[in-house]
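Report on one structure; see the data block that follows.
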Amino acid sequence: MLRIPGRWRKNYRLFWTKIRRSSKKKLTQPDTGFVFLARKVSPELAQRVQELDMDGVLFTKESKRFYPHAQLAAQTLGFVGVDNEGLSGLEFQYENVLHGKDGVVVAERDSHGGLIPGTYTTREHPVNGGDIYLTLDKNIQFFSDQKLKEVVEAYRAKRGTVIVIRPHSGEILAMSSYPTFDLNKFYDVSQDMMRNLATSLVYEPGSTFKSVIIAAALEEGLVGPRQYFHLPPTIKVADEVIKEPHRNQEIDYTVTQILAHSANVGAVLVARVLEDQQLYNYLRKFGLGERTGIDLPGEERGILPEVKNWSRSTKATISFGQGISVTPLQLLMAHTVFANGGILIRPYLVDRIVYPDGRISRPGEGKQGVRVVSEDTARQITVMLREAVKNGTGTRAEIAGYEVVGKTGTAQKVDSDGLGYDEDRSIVSFVGFAPASNPQAAIVVVIDEPSSSAGDVWGGTVSAPLFKEIMEFTLRHLRLPPKSEDL
């Protein structure tokens, strides 16, 4: 967009020089009729240029989409271009609904381009587009946006994302990505900043994935919550040596303690009781390697290698969230299975569409969930994850008066040559829901490459406190009073 400083109002030549430099190619093309020098400019700027009274510079009125909340849910809402067509986010996804139908007039024109009265052969009136009403709660969205920004900046992280959902219905209450941008100035930002990290960030989830592995073993009746495993500090699987990051002695842990204290070796031993194909089938049932089906463009599938491509150590590394990649939304939906008594549902952002003729459609309704595990298994995992918050790695997510359920994750990132892991670069996360006995909100927090110079960078130290703040705000905003535990 062309910007014209106020001093040009009295300097015709300087303004015209700028125009020629910025649009030289357009202006020198033969038989163009006219060219746009700038579009969608503000009324103030248009007035200032009009006052220059330049020959050959004409003006026409256009409509322009305005986003009153500027940065709020920017990547989720998306934006329209100069021709008012959706280019990203919900604006793109629901372009056909929002745009409506343009009017058409077929008639003869005079030598000046004006329509000649009485020559109309076709005239179709425009039809307004529909209105869409979102599931997003602007208060929860604003709070999530602000708190995410604070954490990303405090830890000098590369980026981060937060999703808040109603686990029983699939309604997205907030979907935040940071860094973000002003929707009214989308032309000033890079493509990377426009990415919706909630659906496009593909990463190895680390220990948050242990919930899924243990759920599969429980469902098959191969382990029980109180079953003990003897855990050495390291274990060798094929050519991989897997170790505990915080323990260098042998210990006996129950399956519940393995999950609550996030024991890597314990996860490997639990995964061993499952056949490769058996485990793979459960991962697919939890929705991994597939899009969730949310009503947004550009959702990634994640990466789930087929069993035939597994190495001898793949099952072991998958058990603690390496060798598999997910999106934040996939990870969140996998954990809503436990909140929903074993059912996997589809998330959505549009609550209803109201058409000009009064018709109403609800895209999110009528979608049947898929049973992944039994109610008993879902409850057992919920109890284990409650223990992770009460006495395990997730204590900083605890909220007084609420039964918080959740799991921490810290995953080193693959190094530049793709042959190993970089100990100085990690993705830290926390995923969970509350209250445990009647979940009303589920949240995932993912922070990419927090700097260790700002403090300890673990899922339990960076992501869990952010989860706590957003979850506490959400529960209170939903008018759920705190109470004593009843799980």
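Observations on the model:
- R0 of 22 Å, Cβ-Cβ distance Q368-N281: FRET efficiency to nearest 0.05: 0.65
- The mean sequence distance of close C-alpha pairs (under 8 Å, at least 6 residues apart), as a share of the length of the range 237-341, puts its relative contact order at 30 percent.
- Taking a Cβ cut-off of under 13 Å around L173, the surrounding Lys, Arg, Asp and Glu residues balance to a net charge of -2, with basic ones at +1 and acidic ones at -1.
- Distance (nanometres) between label positions extended 7 Å along Cα→Cβ at D192 and E250: 4.8 nm
- The relative contact order of the chain comes to 16 percent, based on Cα pairs under 8 Å that sit 6 or more residues apart.
- Taking other residues whose beta carbon is less than 12 angstrom from the beta carbon of P68, and scoring Lys, Arg as +1 and Asp, Glu as -1, yields +1.
- Computed from the C-beta positions of T119 and R352, the FRET efficiency with R₀ = 45 Å rounds to 0.55.
- Share of pairwise Cα separations in the range 169-286, more than 19 Å, in percent: 61 percent
- Length gained when the stretch Q50-E240 is fully extended (0.36 nm per residue, less Cα-Cα span): 61.3 nm
- Each eigenvalue of the Cα gyration tensor of the chain, multiplied by 5 and square-rooted, gives one semi-axis; in descending order these are 52, 25, 21 Å.
- The fraction of accessible area contributed by carbon and sulfur in the chain is 47 percent, rounded to a whole number (1.4 Å probe; ligands and nucleic acids excluded).
- Accessible area per residue in Å² at 1.4 Å probe, computed on the chain: 50 Å²
- Heavy-atom accessible area order for D137, D131, D239, largest first, 1.4 Å probe: D239, D131, D137
- Backbone HN-Hα couplings from phi across the range 177-192 [Karplus 6.51/-1.76/1.60, Hz, Gly and Pro as x]: 10, 9, x, 10, 7, 8, 4, 6, 10, 4, 5, 9, 10, 7, 4, 4
- In the structure shown, the pairs K61/K101; K210/K468; K149/K210; K243/K407 are assessed against 24 Å; a Cα-Cα span above that value is assigned to K149/K210.
- Counting heavy atoms of the protein chains alone, V370 has an accessible area of about 90 Å² for a 1.4 Å probe.
The values are calculated or read from the model by the stated rules, or taken from the named source; none is laboratory data. No experiment lies behind these values; they were computed from the predicted model shown. Cβ sites come from the backbone with ideal geometry, for glycine too, and all protein chains shown count toward neighbours. Note: accessible area is taken over every heavy atom of the protein model, side chains too, but ligands, DNA and RNA are not part of it. Shrake-Rupley method; radii C 1.70, N 1.55, O 1.52, S 1.80 Å.
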